[in-house]
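The numbers here are math on the coordinates, done by the rules we state, and not lab data. Just so we're clear, the structure is a prediction, and the values are computed from it rather than from any experiment. Counting neighbours? That spans all protein chains shown, and the Cβs are built from the backbone with ideal geometry, glycine included.
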Amino acid sequence: MVKQKRTLRNVLFTILIAFAIVSFWRGVWGLMDLYLAPHNLVLSFFLSILIGILILYATKNLIRNLI
C-alpha cells in the first residue's frame, strides 16, 4: 500500500514537472516569435537555430561532465 502511494506520488510529480517544462518552453518560444525578427519568419527560424547551436557549443564541456 505504501509503495502504491509512493508510485502514484511519483507519477503525479512527473506530470507536474513535465507540465512546468512545456509551459516554460512555450513561453520562451512565444517571446522569440514576438521579438526575434517578427516580420521575417525564415530569418527568425535561422536565428533560432544559430542561437541554439551557439548555446550547445558554449556548454559542451558542461554537457560532457553530466554524461
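Computed quantities for the displayed model
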{"quantity": "Residues located in the stretch 18-35, provided they are charged (D, E, K, R) and under 17 Å from I49 (Cβ atoms)", "calculated": "D33"}
{"quantity": "Within the chain, helices (runs of 4 or more DSSP H) holding 2 or more residues that are among the β-branched types (V, I, T) and surrounded by 10 or more Cβ atoms within 10 Å (Cβ to Cβ)", "calculated": "2-35, 41-58"}
